Structures are given as structure tokens and as C-alpha cells.
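The values are calculated or read from the model by the stated rules, or taken from the named source; none is laboratory data. Worth saying up front: this structure is predicted, and the values here are computed from it rather than measured. Please note: Cβ atoms are built from the backbone with ideal geometry, for glycine as well, and neighbour counts cover all protein chains shown. Surface areas here come from the heavy atoms of the whole protein model, side chains and all, with no ligands, DNA or RNA. Shrake-Rupley method; radii C 1.70, N 1.55, O 1.52, S 1.80 Å.
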Amino acid sequence: MNTDSTTKLLEDIDAYVEGLFAPPDEVLEAALRESRRAGLPEINVSPNGGRLLQLFAELVGARRILEIGTLGGYSAIHFARVLPEDGTLISLELEERHAEVARANVERAGLAHKVEVQVGDARELLAALAENDAGPFDLIFIDADKEGYPEYLEWAMHLSRPGSLVLADNTVRGGSVLDPQDGSARATREFNERVAGDPRLSGIVLPLIRERIDGITIARVIDV
Ligand code: SAH
Ligand code: DHB
Ligand code: MG
């Protein structure tokens, strides 16, 4: 099979799954529309990716979730929807502008009471969360600057308990992790290697179809 027809087939499969499990949703579409209108980059997880994140939160019965990289709140809305009414999602975002759009989107979704967007460099915000004993979180989703992934994994361990789930987006990036040519691919590769090599973690990389092949790393914390 040539590359074009493989790509077409992957896209058709993605659309097929989306049609089944991520049907049109007014609130999510509004969040994307408003994010686009505000000029945010269109790098949110895909509808199927969002469903997968949501399902993981349900599987672990998450009551406290930490997200690193909010953007316009698209993935945050997925998480918040499956949190119990007294559950909490803390989402960390570098850009004040992104955080404002996310807060408005979360508010429109009727989920503001469950979501706290903190603005700043995740490295500093994570240190403050650890300092303030804000953990443990049931699920931690890493989706900010790829160069930071190895460091975010360290913080995720500090903010976890045995049984916590650590997820990370974009850990395949079209296969760039196979032969990294830039800092972000190198850091992503290092992240996957650390997850694989850490006896305190039980994990896998799950390749995912989007416009191209990407993936999400899934790790269960065995011990902190
Ligand atoms: N999780 C979102 C997408 C996040 S995109 C979704 O799927 O809907 C990555 C986000 O991380 C961007 O908004 C970017 O501004 C933010 N980011 C980049 N570097 C960061 C840092 N050092 N600390 C916190 N956020 C950062
Ligand atoms: C980029 C970042 C993401 O989190 C993503 O899902 C896709 C692309 C990026 O920085 O290009
Ligand atoms: Mg991402």
C-alpha cells in the first residue's frame, strides 16, 4: 500500500471511530470555535483523543486531575465532565491569553466549579503545588512544551500516589521519536525511555491516528 492510501485509510478509521464515540457536541465545538476566534493554535487533542483521556479518568475514578498545558480548555472540558461534582481539575498554562479563553470555555460548559486554571511556567507552578502538598492527583496529563516532558515526569511522580495514572500527549509525533532531529523530539524520546525504564512505573506508548500518527504515553504509578 502506498503512503497516500495508507494516510487516507488512517483518516477514514479515525473518522469512523469519531462517528461512533465522539459525536457532534455543541459545547466542545463552541470551545474550539472561540479558541480559533481568539487566534489560539489549533493543537488541542482530537475528539477521539479527548474521549480516550475521558475514559482513562473514568477508569481510575479520578476525583483530582492535574493537567499541564491548558490551551483553550478542550481537553479540560473532557476531564471535568467525568469528575464528580466535588472533583477538581487543576490545569497549568503559561499564556494568560490561553488561560482566559479556557476559563470562558469552561464556564460556558457549566464546569467552572470543577476547574482551576493556574497561569505561569509549569515548572514553577508544579514546584509550588508540591511545596503546598497539593497532591496526590489521581491522574496527571502532560501536554505542554515537549522539552519539559522529562522534568514534568519528575514532578508527576512527586504529585502521585500508587495507582495514579500519568498520561502524556504527542509522544510519537509522526515517528520523530524514532530518530530525533530536534530538542523536542529528543526530550520526548527521553521521556518515553524514562517511563519504560522506571521500575516505579508500568507503561506503554499507544500510537494514535490524527492527521498523522502521533501517540499518547500511558503509565500507572506502582510506587512513588
Ligand atoms: N491540553 C490542551 C492542549 C495544550 S497545547 C488540549 O488538548 O486542549 C500546549 C499548551 O501548553 C499551550 O497552551 C502552551 O501555551 C502551553 N505551554 C507551553 N509551555 C508551557 C509551560 N512551560 N508551562 C505551562 N504551559 C505551557
Ligand atoms: C503541538 C503541541 C501539542 O500539544 C499538540 O498536541 C500538537 C502540536 C506543537 O507544539 O506543535
Ligand atoms: Mg498535545
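Structural remarks
- The chain - accessible surface per residue (Å², probe 1.4 Å): 49
- Note on Arg186/Glu154: beta-carbon distance plugged into 1/(1 + (r/R0)^6) with R0 of 30 Å gives a FRET efficiency of 0.95.
- Segment 88-104 residues near the modelled Glu124 label - backbone nitrogen below 18 Å, point 7 Å along Cα→Cβ: 91-100
- Net charge dipole size for segment 1-88 [Lys, Arg +1 and Asp, Glu -1 on Cβ; Debye, nearest 20]: 240
- Amide H to amide H, with H built 1.01 Å from N, Glu67 comes under 5 Å of Ile90, Ser91, Leu92, Phe141, counting only residues 5 or more places away or on other chains.
- Each distinct pair of alpha carbons in the chain adds a 1/r term; the inverse of their mean, the Kirkwood radius, is 17.7 Å.
- Solvent-accessible area, 1.4 Å probe, carbon plus sulfur percent, for segment 1-149: 54
- In the chain, a dipole from Cβ-located charges (positive for Lys and Arg, negative for Asp and Glu) runs towards its positive end, and of Ala30, Leu167, Tyr16 it is Tyr16 whose Cα lies farthest in that direction.
- Rg(Cα) / (2.2 N^0.38 Å) computed for segment 63-128, rounded to two decimals: 1.00
- Here segment 105-224 is treated with +1 on each Lys and Arg Cβ and -1 on each Asp and Glu Cβ, and its dipole about the Cα centre works out to around 420 debye.
- Compactness relative to 2.2 N^0.38 Å, alpha carbon Rg of segment 96-149: 1.26
- Largest mean-square fluctuation among Asp14, Asp25, Asp121, in a Gaussian network model of the chain whose springs join Cα atoms under 10 Å apart, belongs to Asp25.
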